[in-house]
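So the structure is just underneath, and the comments pick up after that.
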Amino acid sequence: MASYFASLNFEALLRACPGGIAQGLIWGIMALGVYFTFRILDLADLSVDGSFATGGAVSIMLILNGWNPELTLIIAFIAGLLAGAITGFLHTKLGIPAILAGILTQIALYSINLNIMGKANQAINVGQTSLRITSNVDLIWRTILIMFIGVIILMGLLYRFLGIEIGCAFRATGNNDVMSRSLGINTDHMKLLGLALSNGLVAMSGGLLAQYQGFADVNMGRGAIVIGLAAVVIGEVICEAIYHRQVSYFHRLSFIVIGSIVYYLVYVLVLWLKFPANDMKLLTAVVVAIFLAVPYLKNKRTNSFRYAGNMAKKMENGGEE
Amino acid sequence: MLRVEEITKIFNPGTINEKVAVDKLSLHLAPGEFVTVIGGNGAGKSTLLNAVAGTWPVDGGRITIDGNDVTALADFQRAPYIGRVFQDPMLGTAPDMWLEENLALALRRGQKRGIKWGISKEERVFYRERLETLGLGLEDRLSTKVGLLSGGQRQAITLLMATLKQPKLLLLDEHTAALDPATAEKVLELSDNMISEGNLTTLMITHNMKDAIRLGNRLIMMNQGKIILDISGEEKKHLTKQELLDRFAEISGVQEETDSVLLS
């Protein structure tokens with residue numbers, strides 16, 4: 001035990017934190033995409049695992065072909081849009097349940113991603129290219145600053161979107177489908193739009209991560225949905241703990257990104273504590289399950305048959321206590 | 001205003017559960033007509049209303065609203081013409097959105113939604129005024145989530161939303177059935193006021209014969225997917241519940257001691 005603690009190097013933890021923040025910001029964009037479908041549209045979209053890798057693959061391949069790294073992100077976004085639109089098409093036009101439509105797209109994208117890259121992974125020469133988003137230790141704070149500004153701008157755009165007429169119709173669709181249609185909203189189009197937009201964000205995030213780590217891998221999106229969900233639920237819990245009330249969408253979106261950063265800082269901490277890296281996905285799944293279950297269980301405490309039964313027993317025993 | 005020509009709707013066609021819910025039914029509503037619809041379970045009242053609203057396509061016939069053939073249009077495409085209040089108070093409003101956001105969605109019913117802000121400052125003043133007419137104190141709760149309001153309040157809001165932008169046709173589907181008697185009475189009164197104020201062409205389903213007689217200027221009774229009774233004008237004004245029951249027994253050939261068939 002003593003040797004375990006002696007082996008922990010606090011400076012190493014401090015050195016690892018900036019990387020955690022940078023990754024948190026990158027995944028934050030992914031989480032915003034997940035928020036759009038999972039929370040606003042009330043659909044669990046599993047295609048993101050595929051479109052995340054698509055974004056990475058598109059970005060890396062274009063950089064290898066001499067493109068400007070930032071410009072590749074726009075192409076990655078468009079690729080994600082298309083991927084999401086396919087899920088939307090399968091769901092709304094062909095009547096396939098959303099979860100299944102997402103899985104189908106995800107599987108299809110695996111092959112497509114391999115075709116984009118030609119093999120399972122592709123790397124860029126981090127030294128040669130003019131990357132602004134990089135894990136290079138000397139430039140990490142610049143990366144964080146650029147990501148921070150980029151994320152703020154993106155959140156501003158998304159906030160604006162949720163406030164305009166289309167955005168309101170989009171939110172209404174996820175909230176009450178029947179009402180939305182009775183008010184003339186084409187809910188199928190809204191779902192298609194939301195799924196496309198969500199996957200566009202996810203793919204852009206994938207492109208950023210690929211640039212950050214210097215390579216794209218066909219498996220880089222595996223479990224991405226769970227990390228996105230983790231960021232969403234952690235962000236919501238923190239937001240609720242701080243404000244205890246309704247907050248604006250800008251706050252909510254901010255806390256999704258904060259949730260993502262917290263997730264990655266915890267990730268760094270857990271790795272530093274020498275938790276086996278192979279078990280990280282298990283840990284993430286457990287964390288998400290707990291966070292998703294807490295609201296339900298909280299309600300159960302005072303609203304369950306067991307609780308009612310206990311109350312009834314108390315009555316039998318005189319009920320004074 | 002509304003012209004329904006020989007519409008038919010068959011549920012589960014070709015199966016043992018096949019049911020002809022509406023059978024070559026025709027109905028014409030003049031502008032400003034307020035029609036109450038009564039009939040027993042499975043008479044086809046809701047089917048008629050859903051056919052007009054465009055919940056699903058009909059199996060035959062034609063529906064036109066204000067001269068526009070809407071037979072081939074889906075529900076959201078008919079929204080420019082139709083204001084609608086559902087039986088379930090939860091169906092008419094978006095619970096996680098603010099009251100003013102719900103109203104803003106309703107004000108844009110059937111319009112193209114663009115990139116302008118979803119709600120403007122001037123609108124809020126208008127919403128306040130309109131909410132005051134409900135007399136429920138909701139005008140001070142514009143930024144309350146609608147899900148936090150009671151069923152009666154939500155139904156009153158849905159009613160306001162259905163008429164916020166003047167509809168060509170107002171559809172009320174037993175919209176007070178899920179409310180307690182006092183609230184139901186209040187919502188009915190509001191409905192009646194709004195309909196007469198806006199001179200709205202209205203189709204209202206009810207299971208309450210007294211309401212059907214008391215409200216509106218025309219009453220139709222349905223049975224087995226057809227209209228079996230159509231009373232309007234002076235005759236409707238002097239109609240009594242007993243008369244209605246007698247007429248029903250006479251036409252349908254059912255000797256019914258109670259009004260259970262009609263009320264169920």
Of the conditions (1) polar (S, T, N, Q); (2) open to solvent by less than 60 Å² (accessible area, probe 1.4 Å); (3) within 27 Å of A:Thr54 (Cβ to Cβ), A:Gln213 clears all except one; give me its number.
-> (2)
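Listed here are the residues, each with its yes/no results for (1) within 14 Å of chain B (Cβ to nearest Cβ); (2) under 27 Å from A:Ser111 (Cα atoms); (3) not in a helix (DSSP H, G or I).
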position	(1), (2), (3)
A:Val151	no, no, no
A:Ala169	yes, no, no
A:Thr173	yes, no, no
A:Gly184	yes, no, yes
A:Lys191	yes, yes, no
A:Ala196	no, yes, no
A:Arg222	no, yes, yes
Taking helices (runs of 4 or more DSSP H) that fall entirely within the range A:20-121, which contain at least 3 residues that are charged (D, E, K, R)?
-> none
Residues in the range B:24-38 that are open to solvent by less than 50 Å² (accessible area, probe 1.4 Å) and touching a strand residue (DSSP E or B) at 6+ places or on another chain (Cβ under 8 Å): how many?
-> 9
Filter result for the condition that a residue is at positive phi and either open to solvent by 20 Å² or more (accessible area, probe 1.4 Å) or in contact (Cβ under 8 Å) with a residue 24 or more places away in the chain (or both), over A:Gly194, A:Gly207, A:Gly223 | A:Gly223
Can you confirm whether the range A:245-260 contains a residue that is under 30 Å from B:Asp75 (Cβ atoms), within 14 Å of chain B (Cβ to nearest Cβ) and either crowded, with 22+ Cβ neighbours inside 10 Å or not hydrophobic (A, V, I, L, M, F, W, C) (or both)?
-> yes
Subset of the range B:113-126 that is in a loop (DSSP other than H, G, I, E, B) and within 17 Å of B:Leu164 (Cβ to Cβ) - its residue that is farthest from the other protein chains (Cβ to nearest Cβ) = B:Ser120
From the set of residues in the range B:50-67 that are under 25 Å from B:Leu160 (Cβ atoms) and more than 12 Å from chain A (Cβ to nearest Cβ), which is farthest from the chain's Cα centre (by Cα)?
-> B:Asp66
Flag for B:Gly14 being more than 28 Å from A:Asp177 (Cβ to Cβ) and open to solvent by 20 Å² or more (accessible area, probe 1.4 Å) = yes
Residues (facing another protein chain (nearest Cβ under 7 Å), buried (at least 24 other Cβ atoms within 10 Å of the Cβ) and either outside any strand (DSSP E or B) or touching a Pro at 6+ places or on another chain (Cβ under 6 Å) (or both)) located in the range B:76-93 | B:Ala79, B:Gly92, B:Thr93
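Residues are listed down the side, and each one gets a yes or a no for (1) among the small types (Gly, Ala, Ser); (2) touching a Phe, Trp or Tyr at 6+ places or on another chain (Cβ under 7 Å):
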residue	(1), (2)
B:Glu101	no, no
B:Arg113	no, no
B:Glu122	no, no
B:Leu142	no, yes
B:Leu172	no, no
B:Ser191	yes, no
B:Met194	no, no
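The values are calculated or read from the model by the stated rules, or taken from the named source; none is laboratory data. Here the structure is a predicted model, which means the values were calculated and not measured. Glycine also receives a Cβ, built like all others from the backbone with ideal geometry; neighbour counts cover every protein chain displayed. Note: areas computed on protein heavy atoms with side chains; ligands, DNA, RNA excluded. Shrake-Rupley method; radii C 1.70, N 1.55, O 1.52, S 1.80 Å.
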